[in-house]
Amino acid sequence: MEQTITLQVQRYIPEQYPEPYFQSYEVPLRKKWVILDALNYIKDEIDGTLTYRWSCRMGVCGSCGMMVNDRPALTCATFLEEYAPGPVRITPLDYFGIIRDLVVNTDDFMGKLKRAQPWLITDEAKPLSEGAYKQTPQEKAEYEQYSMCINCMLCYSACPVVGLEPDFVGPAAIALAQRYNYDSRDEGEDQRNEELTGEGGIYSCTLVGECSEVCPKAVDPAGAIQRYKATGAVEWWQSVLMPWKGKS
Amino acid sequence: MARYGPKEHDVLIVGGGAAGLRASIAITENHPELSVAVISKVYPMRSHTVSAEGGAAAVIKDDDSLDDHAYDTISGADWLCDQDAVEAFVKEAPEELLQLEHWGCPWNREEDGNIAVRSFGGMKIKRTWFAADKTGFHLLHTLFQTSMKYDPIQRYDEFFVTRLVVEDGRCQGVIAIELATGKLEFIAARSVILCTGGCGKIFPFTTNANIKSGDGMALAYRAGVPLKDMEFVQYHPTGLPFTGILITEAARAEGGFLLNKEGYRYLQDYDLGEPKPYPVLRSMELGPRDRLSQAFEKEKEKGRTIEGPYGDYVHLDLKHLGERKIDEKIPFVRELCRKYENLDPAKEMIPVRPVVHYVMGGVHTDINGATPIEGLYSAGEAACVSINGANRLGSNSLTECLVFGARAGKAAAEYAAGKKKFSDGLEKIVSDEGKRIERMFFSEHGDQSESIAGIRKEMHQAMEDGAGIYRTEDSLKSSEKTIKELQERLHRISIQDHSYTFNTELTSAFELSYMLDVAEAIIRSALQRTESRGSHQRKDYPERDDEQFLSHSLAYQTGDGTPRVEYQPVTITRWPPGERKYGQ
Ligand SMILES: Cc1cc2nc3c(=O)[nH]c(=O)nc-3n(C[C@H](O)[C@H](O)[C@H](O)COP(=O)(O)OP(=O)(O)OC[C@H]3O[C@@H](n4cnc5c(N)ncnc54)[C@H](O)[C@@H]3O)c2cc1C
Ligand code: SF4
Ligand code: FES
């Protein structure tokens with residue numbers, strides 16, 4: 001007989017039950033199956049009402065993040081076998097409002113991304129007729145790591161500050177700001193600093209570092225925040241001691 | 001004049017992938033006074049553009065020319081594309097990619113800081129811009145992030161479109177379900193652009209994401225727009241066997257070999273040139289996708305492929321490239337192999353098989369993205385302009401999304417700027433649609449009940465068996481019969497999930513119904529094209545027949561499961577049909 005494993009999945013259907021509850025499903029334990037394959041098996045073969053997000057099944061669209069045994073993970077990039085003999089607990093990402101079952105509310109996160117002003121800011125628009133900016137491979141390497149974020153939100157679920165301080169802009173948004181700050185084509189650092197050194201900005205971070213631990217794309221948001229604090233602090237200090245700075 | 005309140009826009013774009021986002025920016029930059037909105041069933045950055053790996057083609061180097069790009073595209077397409085569209089495409093391509101550069105896209109660079117280009121299958125000169133092997137990811141995030149700076153662009157994230165509202169001969173909006181609440185809404189718009197992507201999920205083994213179910217194609221088809229050239233479905237020769245995950249062509253462009261069971265570079269037996277230890281453009285592993293996928297099938301017939309639990313496969317060998325080159329040029333390939341196949345391509349060979357990748361056909365449009373219905377436009381993989389003809393060249397379609405996304409955006413905006421009045425009473429369509437959904441998917445059928453997964457599986461089987469790499473009249477007829485039966489049985493599914501909140505069982509049922517409609521168009525168009533061209537290979541008609549079939553097929557829905565197929569001649573400007581030659 002085929003080996004099986006039990007998934008304990010948190011359910012929440014607001015119109016039907018006021019509180020989340022757990023439901024267990026037994027699924028085949030197949031080689032090469034990721035957690036997401038097991039969820040799809042449940043949806044197709046056992047219970048069509050189970051609800052979660054997914055799309056690419058190749059770890060790049062960022063939609064399938066959940067807590068697997070209380071740790072944030074991309075379920076399409078996590079082998080089921082690693083959890084044998086089970087049971088495995090699947091719950092929605094921590095610190096987000098739950099819409100239903102494993103689907104969390106993303107609106108707040110989207111707003112935070114926008115706070116980072118994640119677009120190229122220049123003092124003057126460069127006309128297309130001038131051709132491409134030059135950027136050496138070394139210059140590109142400066143920001144490359146921070147450009148790899150797939151917006152999966154795992155780092156938010158790993159961050160205790162996000163839990164305590166809902167306004168905290170959070171690891172991915174700060175990494176995204178750095179992605180542009182360190183881009184040789186960009187001149188928007190001051191503008192972003194204004195936003196990110198204020199309320200709910202980088203100084204809320206208490207350097208727990210879990211964000212970088214769980215990041216599936218090695219973005220290292222903790223490193224991005226560290227680097228930010230270094231520059232952010234200098235800017236702040238300069239504006240106190242040299243009031244003319246930035247006024248010219 | 002009817003007004004439809006806050007959910008009323010000048011231009012509504014369905015789809016937040018490369019094509020949809022490019023269109024939205026083009027509109028707001030050219031017509032800041034217009035109200036523009038993007039509606040998408042997933043958050044835009046989850047759109048499947050995100051998974052594109054290899055790159056985007058456009059001429060920028062001195063050794064290249066627009067005519068060379070056009071010729072490669074046209075011969076790659078086996079002459080089934082419209083040459084006026086191809087000429088516009090190659091001409092506007094460089095500016096579009098440059099625009100992306102100005103928006104911050106991290107294109108790979110040469111040592112001196114200039115844009116780097118790589119070779120790609122079927123292209124005789126290196127012209128593919130790339131951002132490592134995550135080009136689609138970077139392109140999509142750059143577009144999405146840039147779109148955030150334009151406040152006029154409104155978004156309906158996680159809204160699922162169920163039908164187009166066409167009244168008085170004009171498209172005047174859509175009906176959509178807001179997933180979070182289950183509310184069915186009418187969103188009025190003076191023009192609508194369908195940028196809903198492809199339909200690879202009709203087939204069992206595919207590089208396509210779960211969301212690629214041909215929604216926009218089916219929506220247009222149901223509204224009376226023909227689907228063009230649907231028989232042309234591209235198999236990518238190198239997907240991972242179980243998951244269908246793509247191993248990008250860039251792996252071969254960097255020098256990877258395809259080996260059969262005996263370790264032999266079998267492509268040399270199929271008119272694709274001589275094996276050289278280094279990659280040669282338009283030759284061997286860098287031949288076009290249709291020819292490579294067909295060569296695999298022939299090897300399989302000869303018993304020279306390797307049997308596996310998920311079908312036969314061959315090997316893609318990258319070991320000789322070495323760890324450093326792999327990490328620098330195709331790091332994502334290594335990441336995917338490690339994560340999903342548990343192997344390291346720097347040390348082991350990768351098992352690969354042909355998998356469905358892209359559909360050349362789509363919503364019939366002209367060179368500006370306009371469909372035959374007033375106010376309705378389409379761009380990107382959902383549309384068929386056509387520049388891809390019988391076989392798309394790798395790295396042309398991201399560029400296509402940009403060029404024709406921008407073109408459709410401008411055309412739709414101009415049309416909307418005419419501020420035609422909305423018809424009266426459109427909101428009534430919402431309650432009709434609600435009743436239709438109730439009847440379609442929530443009726444009780446007792447022990448006659450069908451399951452979504454069951455029908456989907458049978459559809460997959462029918463498409464793989466009958467409409468795969470090689471087709472015959474018999475195989476297609478038998479698949480056509482199955483699809484018709486499945487369409488009947490679809491009416492007997494009863495959804496278990498009665499919640500209004502994020503009902504993905506309902507959206508899966510819709511997606512299945514869309515796929516079945518598109519499948520019927522694929523099969524019928526394939527049956528009636530009694531020739532072999534590009535990706536459409538008929539065993540019973542192995543030759544190309546320009547006399548009869550140098551023309552686009554246009555499949556119209558008739559309602560009885562057998563579409564009516566008409567033909568429209570291909571536009572030839574400067575390149576008369578010739579023989580497709582590779583390996584020389
Ligand atoms: C693995 C892979 C690799 C590829 N690599 C390359 C490459 O290297 N180079 C290249 O040129 N091309 C490549 N392609 C092809 C290319 O990526 C696609 O053709 C292109 O990205 C399609 O973009 P799009 O904007 O048309 O659609 P998509 O990006 O698929 O977006 C479709 C949008 O429509 C929305 N939508 C769909 N249905 C509905 C509905 N019912 N209601 C509301 N919204 C809806 C979706 O939410 C989504 O936002 C690749 C494709 C794949 C699968
Ligand atoms: S930084 Fe990493 S964990 Fe956080 S959202 Fe981005 S990819 Fe996910
Ligand atoms: S499904 Fe796309 S990241 Fe997992």
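The values are calculated or read from the model by the stated rules, or taken from the named source; none is laboratory data. Bear in mind that the values here come from a model prediction, so they are computed numbers and not experimental data. Positions of Cβ are generated from backbone atoms using ideal geometry, with glycine treated the same way; all protein chains shown enter the neighbour counts. The area values use the complete protein model at the heavy-atom level, side chains included, leaving out ligands, DNA and RNA. Shrake-Rupley method; radii C 1.70, N 1.55, O 1.52, S 1.80 Å.
Only protein heavy atoms count here; under a 1.4 Å probe, B:H48 has an accessible surface of about 20 Å².
Sort B:I452, B:I175 by heavy-atom solvent-accessible area, probe 1.4 angstrom, most to least. Don't skip to the answer; put the middle values down first.
Details: B:I452 20, B:I175 0 Å².
Largest accessible area first, the list is B:I452, B:I175.
Give me the net charge for the shell around B:E520: Cβ to Cβ below 9 angstrom, other residues only, Lys and Arg +1, Asp and Glu -1. Every neighbour counted, the sum reads 0. Heavy-atom accessible area, probed at 1.4 angstrom with all protein chains present, ranks B:S35, B:S499 as B:S35, B:S499, highest first.
Counting protein heavy atoms only, chain A has 51 percent of its accessible area on carbon and sulfur, 1.4 angstrom probe.
For segment B:23-146, the square roots a ≥ b ≥ c of the C-alpha gyration tensor eigenvalues yield an a/c of 1.5 or more together with a/b exceeding b/c, which makes the shape prolate. Considering only DSSP states other than H, G, I, E and B, which trypsin sites (Lys or Arg not before Pro) in segment B:314-366 qualify as loop sites with at most 12 other Cβ atoms within 10 Å? Those satisfying the criteria are B:K347.
Taking the solvent-accessible surface of protein heavy atoms with a 1.4 Å probe, what is the per residue accessible area of chain B in Å²? Please list the in-between numbers first.
Details: 18870 Å² over 584 residues.
Result: 32 Å² per residue.
Rounded to the nearest 0.05, the FRET efficiency derived from the C-beta distance between B:Q461 and B:R492 at R0 = 22 Å is 0.70.
Which values, in whole Å and largest first, are the semi-axes of the equivalent ellipsoid of segment B:181-261 obtained as the square root of 5 times each eigenvalue of the Cα gyration tensor?
Details: eigenvalues 241, 45, 31 Å².
Values for segment B:181-261, descending: 35, 15, 12 Å.
In a Debye calculation with equal point scatterers on the alpha-carbon sites of the protein assembly as shown and no solvent, what is log10 I(q)/I(0) at q = 0.07, 0.09 Å⁻¹? Evaluating at q = 0.07, 0.09 Å⁻¹ gives log10 I(q)/I(0) of -0.50, -0.86. Three principal axis extents describe the C-alpha atoms of segment B:246-380; from largest down they are 56, 35, 33 Å. What segment A:4-104 shows is 37 Å² of accessible area per residue, with the surface traced by a 1.4 Å probe over protein heavy atoms. Counting Cβ atoms of other protein chains within 10 Å of each Cβ in A:99-111 and taking the mean gives 3. Within the shell defined by Cβ-Cβ distances under 9 Å, the residues around B:I387 carry a net charge of -1, with Lys and Arg each +1 and Asp and Glu each -1. Once C-alpha pairs closer than 8 Å and six or more residues apart are averaged by separation and normalised to the residue number of chain B, the relative contact order reads 22 percent.
Couplings 3J(HN,Hα) of segment B:75-81, computed from phi: 5, x, 7, 6, 6, 8, 9 Hz, in residue order, whole Hz [Karplus 6.51 cos²θ - 1.76 cosθ + 1.60, θ = phi - 60°; x for Gly and Pro].
Taking the Cα centre of chain B as reference, the dipole from Cβ charges on Lys and Arg (+1) and Asp and Glu (-1) amounts to some 440 debye.
Other residues within the sphere of radius under 14 Å centred on the Cβ of A:P118, judged by their own Cβ, net out at +3 (K and R +1, D and E -1). The distance separating the Cα centre of segment A:98-151 from that of segment B:481-513 comes to 38 Å. Distance between the modelled labels on B:E473 and B:T571, one decimal in nanometres: 3.5 nm (7 Å Cα→Cβ projection). Around the amide H of B:R109, modelled in the peptide plane, lie the amide H atoms of B:A116, all under 5 Å away and 5 or more residues distant in sequence or on another chain. Segment A:4-104 has equivalent-ellipsoid semi-axes of 20, 16, 13 Å, by the square roots of 5 times the alpha carbon gyration tensor eigenvalues, sorted largest first. Converting phi to 3J(HN,Hα) with the Karplus coefficients 6.51, -1.76 and 1.60 and the offset θ = phi - 60°, segment B:210-220 yields 4, 7, 8, 10, x, 4, x, 4, 5, 4, 5 Hz in sequence order, with x at every glycine or proline.
The portion of the accessible surface of chain B made up by carbon and sulfur, rounded to a whole percent, is 46 (1.4 Å probe; DNA, RNA and ligands excluded). Comparing A:A77, A:T106, A:P118 along the charge dipole axis of segment A:41-142, the residue lying farthest to the positive side is A:P118, per the Cβ-charge model.
Mind checking the per residue accessible area of segment A:107-246 for me, 1.4 Å probe, whole number of Å²?
On the way: 6370 Å² over 140 residues.
Accessible area per residue, segment A:107-246: 45 Å².
Please say if segment B:344-494 is rounded, prolate or oblate, where rounded means a/c under 1.5 for a ≥ b ≥ c the square roots of the C-alpha gyration tensor eigenvalues, and otherwise the choice is prolate for a/b larger than b/c and oblate otherwise? Oblate shape, in that a/c is at least 1.5 and b/c is the bigger or equal ratio. Sequentially through segment A:60-69, phi angles give Karplus couplings (6.51, -1.76, 1.60; θ = phi - 60°) of 10, 8, x, 8, 9, x, 8, 8, 10, 6 Hz, Gly and Pro residues having no value and appearing as x. For segment A:4-104, the relative contact order comes to 35 percent (Cα pairs under 8 Å, sequence separation of at least 6).
Residues of segment A:175-196 that bury at least 50 Å² of accessible area once all protein chains are present, compared with their chain alone (1.4 Å probe, heavy atoms only, ligands and nucleic acids left out), are A:R185.
If you take the accessible area of B alone plus A alone and subtract the pair, what total do you get in square angstrom, rounded to 100, with a 1.4 Å probe? Don't jump to the answer; show the numbers that get you there.
On the way: alone 21560 and 13630 Å², together 29780 Å².
Approximately 5400 Å² gets buried when B meets A.
Which whole number in µm²/s is D for segment B:529-574 by Stokes-Einstein, with the Kirkwood Rh taken over Cα pairs at 10 °C and 1.306 mPa s? D, rounded to a whole number, is 132 µm²/s.
Quick one, can you get me the convex hull of the C-alpha atoms of chain B expressed as volume per residue in Å³?
Working: hull volume 83.9 nm³, N = 584.
Taking only Cα atoms, chain B has a hull volume of 144 Å³ per residue.
Suppose the Debye formula is applied to equal point scatterers at every Cα of segment B:124-218; what is log10 I(q)/I(0) at q = 0.13 Å⁻¹? Debye curve over Cα of segment B:124-218, log10 I(q)/I(0) at q = 0.13 Å⁻¹: -0.68. Restricting the calculation to Cα atoms, segment B:500-584 shows an Rg/Rh of 1.14 when the hydrodynamic-style radius is the Kirkwood one.
To the nearest 20 debye, what is the magnitude of the charge dipole of the protein assembly as shown about its Cα centre, counting +1 on the Cβ of each Lys and Arg and -1 on the Cβ of each Asp and Glu? Mind dumping the intermediate values first?
Values: 95 positive and 124 negative charges, 70 e Å.
Roughly 340 debye for the protein assembly as shown.
Among the residues of B:102-114, the average count of other protein chain beta-carbon atoms within 10 Å of the residue beta-carbon is 6.
Could you estimate the translational diffusion coefficient of segment A:107-246 from the Stokes-Einstein equation, with Rh from the Kirkwood formula over C-alpha pairs, at 37 °C and 0.692 mPa s, in whole µm²/s?
On the way: Rh = 15.7 Å.
Using the Kirkwood radius from Cα pairs, D works out to 209 µm²/s.
Distance between the C-alpha centres of segment B:93-127 and segment B:261-280: 28 Å, rounded to the whole angstrom.
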